[in-house]
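Chemist: Before anything else, here's the structure in question.
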Amino acid sequence: MGRGKIEIKKIENPTNRQVTYSKRRQGIMKKAKELTVLCDAEVSIVMFSSTGKFAEYCSPSSDTKSMFDQYQQVTGIDLWHSQYERMQSNLNHLKEINHNLRREIRQRMGEELDGLNIDELRGLEQNVDEALKLVRQRKYHVITTQTDTYKKKLKNSHEAHQHLLRELEMREGQQAYGFMDNDPNNYECAIDLAAAAAAAAATGSHVYAYRVQPNQPNLHGIMSYNSNDLRLA
């Protein structure tokens, strides 16, 4: 039993319409390939679906452009004339815009002012004043930003300098008292020495001579006092 004829009209169901298009597109492409091989014909097919999807086929011995050129020669229809006219019109429009912009630039530089009337000169003056105002605002903004940046850098440098000075003073003080940070015995001896000096000052005694040798493992016993070293006031 053969299939019945399908009525040729638009398929209303979108899914069925897309499925039918896909199947028949593949069939047309297959027939075009067979026609190219069997008959040595030059075949070119261009298709667009309802969703805008593009599909094409061209014989391996040719290309789409050469097929269009051959079509123009046979039919006498110029396919590129309208496109060329649109491109030429667009080019002329862009040239005019470029010419006007260049003339405006020259006028802002004080050139080609002879053909301007009083209104045009007044408008040009206002445009130049507004442009100058914007340039000055931008210049002041850049100067302010750079000044703030330099102030921050100067402050950081000053703080780093003060920190290095404090570290240097601490190291000099440690060397003067003859102890190192990694030696707790020397640190305790330095505290005892400072306490003894404070007690002597409180009682009115005078320490005339004492000697501390730095970088020694223990300061106890290093200090030597004679009968002439300490005298009562």
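Chemist: Of the numbered conditions (1) under 29 Å from the mean Cα position of the chain (by Cα); (2) at pLDDT below 90, residue 125 satisfies every one except a single condition; which is it?
Modeler: It fails just one condition, (1).
Chemist: Follow-up question, since we're still on this one. Looking only at the range 56-109, which residues are charged (D, E, K, R) and assigned to a loop (DSSP other than H, G, I, E, B)? Outline the logic, then answer.
Modeler: The first filter runs over the range 56-109 and keeps only residues charged (D, E, K, R), leaving 56, 63, 65, 69, 78, 85-86, 95-96, 102-104, 106, 108.
Selection gives 63, 78.
Chemist: Could I ask something else about it? Scan the range 35-47 and give yes if some residue there is touching a residue at least 12 places away in the same chain (Cβ under 8 Å), surrounded by 13 or more Cβ atoms within 10 Å (Cβ to Cβ), outside any helix (DSSP H, G or I) and of a type in the set (Asp, Glu), otherwise no.
Modeler: yes
Chemist: On to the next question. I'm checking my understanding of the structure. Among residues of the range 1-34 that are farther than 21 Å from residue 68 by Cα and of a type in the set (Val, Ile, Thr), which one is surrounded by the fewest Cβ atoms within 10 Å (Cβ to Cβ)?
Modeler: By that ranking, first place goes to 8.
Chemist: Can you give me the number of residues within the range 87-105 that are modelled with pLDDT of 90 or more and either within 30 Å of residue 42 (Cα to Cα) or among the charged types (D, E, K, R) (or both)?
Modeler: The number of residues fulfilling the criteria is 3.
Chemist: Determine, yes or no, whether residue 119 is surrounded by fewer than 10 Cβ atoms within 10 Å (Cβ to Cβ) and in a helix (DSSP H, G or I).
Modeler: Yes, satisfied.
The values are calculated or read from the model by the stated rules, or taken from the named source; none is laboratory data. Small disclaimer: the values here were computed from a predicted structure and weren't measured. Every residue, glycine as well, gets a Cβ built from its backbone with ideal geometry; the counts of neighbours run over all protein chains shown.
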